[in-house]
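Asks: Supplied in structure tokens, the structure appears directly below.
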Amino acid sequence: MKGVIRTVVGYSGGQEKNPTYPDIKDSTESILIEYNPDIISYEDILAEWSRMHAPDSQSWSRQYRSAIFYVDEEQKRIAEETVNTLKNNSKRKKIYTDIEPVSAFYRAEEYHQDYYRKQRG
């Protein structure tokens, strides 16, 4: 996406320190997105997320739950609006997406980084 500087796959949303894929503890698989707000907005990023995501399917574990993390009240408002729009457009009317303040982020193992690019060869 134009304006996205980089993405980093990792773990966030938990209290226990230093999660890893084999021992994710209480964290959730997450993506850290660094972006230029002069080119792309948080709202645009969430709009793309909502096009690619199925938040009306309940996760069977905390590791794979749907979550949006925010850094300030404006991002929280935008996240809530995004989820409400999904609720209004969903046939199921139940959206399983948590909205939480950003917590510690731990970079995932290297084999998780650029996963789709690596799979395409």
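The values are calculated or read from the model by the stated rules, or taken from the named source; none is laboratory data. Predicted model only: the values in this text are computed from it and were never measured. Backbone-built Cβ (ideal geometry, glycine too); neighbour counts: all protein chains shown. Calculation scope for accessible area: heavy atoms of the full protein, side chains included, ligands and nucleic acids excluded. Shrake-Rupley method; radii C 1.70, N 1.55, O 1.52, S 1.80 Å.
Asks: Please verify whether the range 48-60 includes one or more residues that are touching a residue at least 40 places away in the same chain (Cβ under 8 Å), surrounded by 14 or more Cβ atoms within 10 Å (Cβ to Cβ) and hydrophobic (A, V, I, L, M, F, W, C).
Replies: So far as the range 48-60 goes, no, none of its residues is touching a residue at least 40 places away in the same chain (Cβ under 8 Å), surrounded by 14 or more Cβ atoms within 10 Å (Cβ to Cβ) and hydrophobic (A, V, I, L, M, F, W, C).
Asks: Looking at Ile45, Ile68, Ile31, Ile99 in this structure, which one is within 23 Å of Val4 (Cβ to Cβ), of a type outside the set (D, E, K, R), open to solvent by 90 Å² or more (accessible area, probe 1.4 Å) and outside any loop (DSSP other than H, G, I, E, B)?
Replies: Unique residue meeting the criteria: Ile31.
Asks: Being over 21 Å from Gly14 (Cβ atoms), touching a Pro at 6+ places or on another chain (Cβ under 7 Å) and not in a helix (DSSP H, G or I) is the requirement here; does Ile39 meet it?
Replies: no
Asks: Scan the range 34-46 for residues that are within 13 Å of Val71 (Cβ to Cβ) and in contact with a Phe, Trp or Tyr (Cβ under 9 Å, 6 or more places away or on another chain) and jot them down.
Replies: Those that are within 13 Å of Val71 (Cβ to Cβ) and in contact with a Phe, Trp or Tyr (Cβ under 9 Å, 6 or more places away or on another chain): Tyr35, Tyr42, Ile45.
Asks: Quick one: Lys25 ticks every box in (1) closer than 18 Å to His112 by Cβ; (2) open to solvent by 70 Å² or more (accessible area, probe 1.4 Å); (3) modelled with pLDDT under 85 except a single one, so which number is it?
Replies: Failing condition for Lys25: (3).
Asks: Mind listing whichever residues of the range 102-121 are under 29 Å from Gln15 (Cα atoms), at pLDDT below 80 and not in a helix (DSSP H, G or I)?
Replies: Asp114
Asks: Looking at the range 1-20, I want the residues that are in contact (Cβ under 8 Å) with a residue 60 or more places away in the chain and have a partner that is in a strand (DSSP E or B) and surrounded by fewer than 11 Cβ atoms within 10 Å (Cβ to Cβ) with Cβ atoms under 9 Å, at least 6 apart or on another chain. Which pairs are those?
Replies: Val8/Glu34
Asks: Follow-up question, since we're still on this one. Being over 15 Å from Val102 (Cβ atoms) and at pLDDT below 90 narrows it down to one residue among Lys17, Lys87; which is it?
Replies: Selected residue: Lys87, the only one of Lys17, Lys87 that is over 15 Å from Val102 (Cβ atoms) and at pLDDT below 90.
Asks: Related question: For Lys91, which of the numbered conditions (1) of a type outside the set (S, T, N, Q); (2) more than 30 Å from Asn18 (Cβ to Cβ); (3) surrounded by 11 or more Cβ atoms within 10 Å (Cβ to Cβ) fails to hold?
Replies: All conditions are met except number (3).
Asks: Let me ask something else about it. Hey, any hits in the range 11-20 for a residue that's over 24 Å from Asp114 (Cβ atoms), open to solvent by 70 Å² or more (accessible area, probe 1.4 Å) and either of a type in the set (D, E, K, R) or out of contact with any Ser or Thr (no Cβ under 9 Å at 6 or more places or on another chain) (or both)?
Replies: Checked the range 11-20: at least one residue is over 24 Å from Asp114 (Cβ atoms), open to solvent by 70 Å² or more (accessible area, probe 1.4 Å) and either of a type in the set (D, E, K, R) or out of contact with any Ser or Thr (no Cβ under 9 Å at 6 or more places or on another chain) (or both).
Asks: Of the conditions (1) in contact with a Ser or Thr (Cβ under 9 Å, 6 or more places away or on another chain); (2) outside any loop (DSSP other than H, G, I, E, B), Ser59 clears all except one; give me its number.
Replies: Status for Ser59: all satisfied but (2).
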